[in-house]
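> My questions will all concern the structure given below.
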Amino acid sequence: MFNWKYPLLLLSGIGISNIGGWVYLIALNLIILNETGSPFAVAILYILIPLATICSNFWSGSMIDRVNTRKLMIILDLFRGVCIALIPLIPSLPLVYVVAFIINMGTSIFEPASMVYMTKLIPKKDRQRFNALRSFINSCGAMIGPVIAGGLFWLGTPPTAIYVNALAMFCSAVIIFFLPNVTTYKAKNQDFNFNIIRMDIKVVLDYSKKHLLVAKIYLFFCGTTIFMAAIDSLEASFAKGVLLISDTSYGFLLSLFGVGIIAGSIMNTICASRFKINYLIAFGTIFTALGYVVFYSSQGFVTAVFGVVIIGFSVTFANTGYLTFYQNHVPVTIMGRFGSVFNIIEAIFIIGLTILVGFFADIIAIRSIGLVSSICFFVLGIMVMVSVSKSNRNNFFNM
């Protein structure tokens, strides 16, 4: 019988880090929005995320597949914690963007590293349930984080919330320290240079050509992430500028988003063995997109709540399906490189779409652009549903 001691310890570290991440995200959004009053200035924060991915992932995948992922995760948590703690001390907005960019680079490396670590730690038969539990933990962060942020805004200021996230990063590093080593790969004595990176990229491309369905499904995952990132860049501006809700109410709105994720995660966890991965991917994607359509169609707080709950509930199914599929079908020996290469493609499109969305939201209307983007996302959801249904390869999806 599988021992859940270490997976649960890992989940606790993820939960603490996730709570801090939400506090940090809300605080930094509000700091920028209060200082500039521009939705495009806030959108720049979201542009920095994929830009950091481009700058780090073309080489980090090669490193991740050749180092001790546990030690790398600890170093990255400590590094990000220090950088986050510096943000309230920075007097210049451009410098805030620079530090945020550096933090995002650390996150861009941490995520594929943690995916490799999780895949090695969790047996294949338990991955779907673990991913559902991971969504549940993340949902608790999505609910508790904004509540903490709202309380900190009421008691203090957004910089106080920033320090909370720095502390969360340090706590996460301590928890990871007590996890076991799972790295079995031992690198040969060779220089880490451009030729190695070029050969690693070729390895990923060759694998993708031989396994087209795996690459196709992962590209759908990238498409889902692209639309969510671009549309989310308007969320704070829409909630505060169009719906005219307060900072505290905005935090409460995000908490209700967490409630939706919790409900979806609980259902995923309880019924993990009953849900086929292709159904999770298809219905999760299309209903997440539908939630965005409802949110940007809303005329008030109540309707907006309905939209974010749909998003939260549905995205857990999509994420569980995509992540389990990814872990089951991409060899762990190339997982760092595979994820990094595709994430670069994803990041380029996120930058382009986020710039377009932010630009047109500034010159036209936030609601109109958010709604058009959400409808396009919904069309992608239909494409995903048709594709996985037409493939009719249930055994493949459950391998």
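The values are calculated or read from the model by the stated rules, or taken from the named source; none is laboratory data. As the structure is a prediction and not an experimental result, all values here were calculated from the model. A quick note on method: Cβ atoms are made from the backbone with ideal geometry, for glycine too, and the neighbour counts reach across all protein chains shown. Areas reflect the complete protein model, heavy atoms only, side chains present, ligands, DNA and RNA absent. Shrake-Rupley method; radii C 1.70, N 1.55, O 1.52, S 1.80 Å.
> Within region 58-65, identify whether any single residue is closer than 16 Å to F338 by Cα and of a type in the set (F, W, Y), and answer yes or no. So that I can check it myself, show each step before the final result.
Our first condition is that a residue be closer than 16 Å to F338 by Cα; within region 58-65, this holds for 58-65.
From the residues that got through so far, the ones that are of a type in the set (F, W, Y) too are 58-59.
Yes: region 58-65 contains one or more residues that are closer than 16 Å to F338 by Cα and of a type in the set (F, W, Y).
Quick grid of which residues meet (1) surrounded by fewer than 18 Cβ atoms within 10 Å (Cβ to Cβ); (2) among the charged types (D, E, K, R); (3) at pLDDT below 70:
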| residue | (1), (2), (3) |
| --- | --- |
| S139 | no, no, yes |
| L155 | yes, no, yes |
| A173 | no, no, no |
| N181 | yes, no, no |
| L205 | yes, no, no |
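> Given the conditions (1) open to solvent by less than 30 Å² (accessible area, probe 1.4 Å); (2) under 29 Å from F283 (Cβ atoms); (3) small (G, A, S); (4) more than 16 Å from the chain's Cα centre (by Cα), and given that A347 satisfies all but one, which numbered condition is not satisfied?
Here A347 meets the rest and fails (4).
> On to the next question. Is it true that N189 is open to solvent by 70 Å² or more (accessible area, probe 1.4 Å), of a type in the set (S, T, N, Q) and at pLDDT 80 or above?
Working: open to solvent by 70 Å² or more (accessible area, probe 1.4 Å): yes; of a type in the set (S, T, N, Q): yes; at pLDDT 80 or above: no.
Spelling it out, it is not the case that N189 is open to solvent by 70 Å² or more (accessible area, probe 1.4 Å), of a type in the set (S, T, N, Q) and at pLDDT 80 or above.
> Is one or more of the residues making up region 278-285 open to solvent by 20 Å² or more (accessible area, probe 1.4 Å), in contact (Cβ under 8 Å) with a residue 24 or more places away in the chain and not aromatic (F, W, Y)? Lay out the reasoning, then the answer.
Looking only at region 278-285, we keep the residues that are open to solvent by 20 Å² or more (accessible area, probe 1.4 Å), and these are 279, 283.
If we keep only those that are in contact (Cβ under 8 Å) with a residue 24 or more places away in the chain as well, we get 279, 283.
Now restrict to residues that are not aromatic (F, W, Y): none.
No, every residue in region 278-285 fails to be open to solvent by 20 Å² or more (accessible area, probe 1.4 Å), in contact (Cβ under 8 Å) with a residue 24 or more places away in the chain and not aromatic (F, W, Y).
> Within the set of pairs 6 or more residues apart or between chains, which connect a residue that is touching a residue at least 12 places away in the same chain (Cβ under 8 Å) and open to solvent by 10 Å² or more (accessible area, probe 1.4 Å) inside region 114-125 to a residue that is assigned to a helix (DSSP H, G or I) and of a type in the set (S, T, Y) with Cβ atoms less than 7 Å apart?
These pairs meet every condition: L121/Y6.
> A further question on this structure: Would you pick out the residues in region 286-299 that are crowded, with 22+ Cβ neighbours inside 10 Å and either free of Cβ contacts under 8 Å to residues at least 60 places away in the same chain or more than 22 Å from the chain's Cα centre (by Cα) (or both)?
The answer is G291, and nothing else.
> Next question. Consider V302 against the criteria (1) more than 20 Å from E111 (Cβ to Cβ); (2) in contact (Cβ under 8 Å) with a residue 12 or more places away in the chain: it satisfies all of them except one. Which criterion is unmet?
Tallying (1) more than 20 Å from E111 (Cβ to Cβ); (2) in contact (Cβ under 8 Å) with a residue 12 or more places away in the chain, V302 fails exactly one: (2).
> Tell me whether region 353-364 contains one or more residues that are farther than 18 Å from T225 by Cβ and either open to solvent by less than 50 Å² (accessible area, probe 1.4 Å) or of a type in the set (K, R) (or both). Let's see the steps before the verdict.
At the first step, the residues of region 353-364 found to be farther than 18 Å from T225 by Cβ are 359-364.
Remaining after also requiring either open to solvent by less than 50 Å² (accessible area, probe 1.4 Å) or of a type in the set (K, R) (or both): 361.
Taking every residue of region 353-364 in turn, at least one turns out to be farther than 18 Å from T225 by Cβ and either open to solvent by less than 50 Å² (accessible area, probe 1.4 Å) or of a type in the set (K, R) (or both).
> Restricting to region 97-108, name every residue that is open to solvent by less than 30 Å² (accessible area, probe 1.4 Å) and in contact with a Gly (Cβ under 9 Å, 6 or more places away or on another chain).
Matches in region 97-108: none.
Residues checked against (1) touching a Ser or Thr at 6+ places or on another chain (Cβ under 7 Å); (2) closer than 27 Å to V116 by Cα:
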| position | (1), (2) |
| --- | --- |
| I31 | no, no |
| I44 | no, no |
| T53 | yes, yes |
| R66 | no, yes |
| M73 | yes, yes |
| V82 | no, yes |
| P91 | no, no |
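> Pick from region 68-96 the residues that are outside any helix (DSSP H, G or I) and of a type in the set (S, T, N, Q): which of them is surrounded by the fewest Cβ atoms within 10 Å (Cβ to Cβ)?
Within region 68-96, the first condition is being outside any helix (DSSP H, G or I), and the residues that meet it are 68, 90-92.
Within this subset, residues satisfying the condition of being of a type in the set (S, T, N, Q) are 68, 92.
On the way: N68: 14, S92: 8.
The selected residue is S92.
> Please state which of the following conditions G264 fails to meet, knowing it meets all the rest: (1) small (G, A, S); (2) within 17 Å of F317 (Cα to Cα); (3) open to solvent by 40 Å² or more (accessible area, probe 1.4 Å).
Evaluating G264 over (1) small (G, A, S); (2) within 17 Å of F317 (Cα to Cα); (3) open to solvent by 40 Å² or more (accessible area, probe 1.4 Å) leaves (3) as the failure.
> Follow-up question, since we're still on this one. Do you know which residues across region 328-344 are surrounded by 17 or more Cβ atoms within 10 Å (Cβ to Cβ) and polar (S, T, N, Q)?
N328, S340, N343
> Additional query: Across region 34-61, which residue is most open to solvent (accessible area, probe 1.4 Å) among those that are within 30 Å of P331 (Cα to Cα) and among the aromatic types (F, W, Y)?
Restricting to residues being within 30 Å of P331 (Cα to Cα) and among the aromatic types (F, W, Y), the top hit is F58.
> Among the listed residues L213, L256, L205, which satisfies the condition of being closer than 20 Å to L290 by Cα and assigned to a helix (DSSP H, G or I)? Full working, then the answer.
Values: L213 fails: closer than 20 Å to L290 by Cα; L205 fails: closer than 20 Å to L290 by Cα.
Exactly one of L213, L256, L205 is closer than 20 Å to L290 by Cα and assigned to a helix (DSSP H, G or I), namely L256.
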